Amino acid sequence: GKGDMPSIDPLRIVAKEMKFLTGNIRKLLGSGHPSLDRAAKYYTQAEGKHVRPLIVLLMARATSLCPKAPQRQQATLQASAAIDSSISPLSILSDWNPSAVAEAEPTPADADILPSQRRLAEITELIHTASLLHDDVIDHSVARRGAPSANLEFGNKMAVLAGDFLLGRASVALARLRHPEVVELLATVIANLVEGEFMQLKNTARDETNPRWSDETLTYYLQKTYLKTASLISKSCRASALLGGADAQTVDAAYLYGKNLGLAFQLVDDLLDYTRSEKELGKPAGADLELGLATAPLLFAWKTIPELGALVGRKFANDGDVARARDLVMQSDGIQQTRALAEDYAQKAIAAIDSFPASEAKDGLVEMAVKTLQRKK
Ligand code: FPP
Ligand code: MG
Ligand code: MG
């Protein structure tokens with residue numbers, strides 16, 4: 001809502017780059033084994049929202065106008081020098097060329113987005129899709145993106161292996177970027193996804209039959225949320241800025257944008273689980289309580305309704321627990337408080353990139369934060 005200003009469409013700003021995304025991802029996923037090939041590409045058939053690649057590309061374009069780091073690959077130069085002092089750091093610097101690894105030369109019009117940054121966008125979608133393949137197995141999900149989930153279509157074993165295959169191919173593509181710091185960031189994301197999922201399976205820091213609400217309750221949830229959702233978005237924003245050669249301040253700003261946007265994104269996801277229908281979401285609604293998960297709306301309700309503690313402790317497993325918990329959440333201001341917290345994070349995301357020079361891509365990033373709050377699926 002910007003009065004009568006024409007609304008910004010973030011997708012339009014990087015539409016040319018996004019057009020090749022799914023095709024390129026499918027190329028990265030080719031396997032000689034027909035059924036692996038089919039399972040690996042399955043979630044690329046239904047059009048996803050492609051939120052992560054979109055953010056990576058907008059960040060690439062927005063940071064191309066920011067100050068550059070004095071020296072690229074400082075850490076690598078030092079490491080190489082330590083191993084072989086006969087190689088002059090300067091010759092390594094001039095040899096290092098991220099464009100050399102990509103097949104298509106950018107046309108001058110989109111030279112501000114490097115081939116390595118486009119490849120990064122594909123890698124983020126691969127890692128995300130791998131996590132969905134595994135997630136649907138763990139959650140016993142039957143639907144994803146309006147179609148049967150991969151575990152339903154191919155069985156658990158093949159869905160897990162397909163996810164592993166995606167991670168393998170993502171790792172190959174990542175290594176080919178020849179940027180160790182970016183490899184380290186995205187490898188950390190993969191570990192973080194697992195850590196977040198583990199925290200979620202445990203639900204609270206300690207296993208208790210009747211846990212009591214404390215400030216730690218929310219801290220634990222937000223840490224879990226960072227690991228399972230915001231880590232990928234924030235670290236890929238950081239990687240996008242790094243690949244473009246941005247200076248440290250810009251790289252940190254990109255990271256902060258992604259972190260806050262990621263937290264806002266998951267908070268909205270968690271409240272939509274309470275407020276939307278399966279038809280609207282393209283995946284089962286009200287799934288979190290059924291899975292025994294206490295997300296933000298319930299945690300905020302629990303603060304004022306202590307009886308929810310016993311239900312959290314037994315993961316809503318008794319007959320009527322899910323319905324009871326849902327009623328209590330809906331009677332409380334849990335949904336509103338979740339939305340307010342999401343708005344805080346979206347504001348912080350926008351503030352993080354305040355120092356970026358004005359550009360369409362920057363407006364696109366701001367609009368992504370606004371849209372995150374407005375989305376209905
Ligand atoms: C979706 O959450 C799931 C995630 C954001 C991450 C899941 C992570 C793992 C399964 C760890 C292992 C994965 C990899 C790639 C190492 P959700 O269940 O809340 O969302 P949904 O409603 O879309 O299913
Ligand atoms: Mg799930
Ligand atoms: Mg899950």
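Residues in the stretch 205-235 that are closer than 25 Å to residue 337 by Cβ, surrounded by fewer than 22 Cβ atoms within 10 Å (Cβ to Cβ), among the hydroxyl-bearing types (Ser, Thr, Tyr) and more than 12 Å from ligand 1 (Cβ to nearest atom): 214, 217, 219, 220. Looking only at residues of the stretch 277-312 that are of a type in the set (D, E, K, R) and farther than 16 Å from residue 201 by Cβ, we find that the one that is nearest to ligand 2 (Cβ to nearest atom) is 283. Counting the residues of the stretch 149-167 that are more than 10 Å from ligand 1 (Cβ to nearest atom) and either closer than 15 Å to residue 193 by Cβ or surrounded by 14 or more Cβ atoms within 10 Å (Cβ to Cβ) (or both) gives 11. Only a single item in (1) at pLDDT 95 or above; (2) within 16 Å of ligand 3 (Cβ to nearest atom) is not met by residue 117, and it is number (2). Just one of the numbered conditions (1) within 16 Å of the chain's Cα centre (by Cα); (2) more than 16 Å from ligand 1 (Cβ to nearest atom); (3) surrounded by fewer than 22 Cβ atoms within 10 Å (Cβ to Cβ) is not true of residue 257: (3). Just one of (1) within 16 Å of ligand 1 (Cβ to nearest atom); (2) out of contact with any Leu (no Cβ under 8 Å at 6 or more places or on another chain) fails for residue 331. It is (1). Only a single criterion out of (1) in contact with an Asp or Glu (Cβ under 8 Å, 6 or more places away or on another chain); (2) closer than 15 Å to residue 173 by Cα; (3) modelled with pLDDT of 95 or more is not satisfied by residue 99, namely (3). Among the helices (runs of 4 or more DSSP H) confined to the stretch 265-377, there are none with at least 1 residues that are of a type in the set (Phe, Trp, Tyr), at positive phi and surrounded by fewer than 20 Cβ atoms within 10 Å (Cβ to Cβ). Can you list residue pairs whose Cβ atoms sit under 9 Å apart, with the first residue in the stretch 183-195 being touching a residue at least 40 places away in the same chain (Cβ under 8 Å) and part of a helix (DSSP H, G or I) and the second being basic (Lys, Arg) and surrounded by 14 or more Cβ atoms within 10 Å (Cβ to Cβ)? Count only pairs 6 or more apart in sequence or on different chains. Filtered contacts from the stretch 183-195: 185/235; 185/238; 186/235; 188/235; 189/235; 192/228; 192/235; 193/228.
Scanning the stretch 196-225 for residues that are within 13 Å of ligand 3 (Cβ to nearest atom) and not in a helix (DSSP H, G or I) yields one hit, 203. The set of residues in the stretch 45-69 that are part of a helix (DSSP H, G or I) and either touching a strand residue (DSSP E or B) at 6+ places or on another chain (Cβ under 6 Å) or surrounded by fewer than 19 Cβ atoms within 10 Å (Cβ to Cβ) (or both) contains only 63. Sub-6 Å Cβ pairs linking a first residue in the stretch 55-76 that is at pLDDT below 90 to a second residue that is of a type in the set (Gly, Ala, Ser), at least 6 apart or interchain, are 72/245, ordered by first then second residue.
The values are calculated or read from the model by the stated rules, or taken from the named source; none is laboratory data. Keep in mind the model is a prediction, meaning the values are calculated, not measured. Virtual Cβ from ideal backbone geometry, glycine too; neighbours counted across all protein chains shown.
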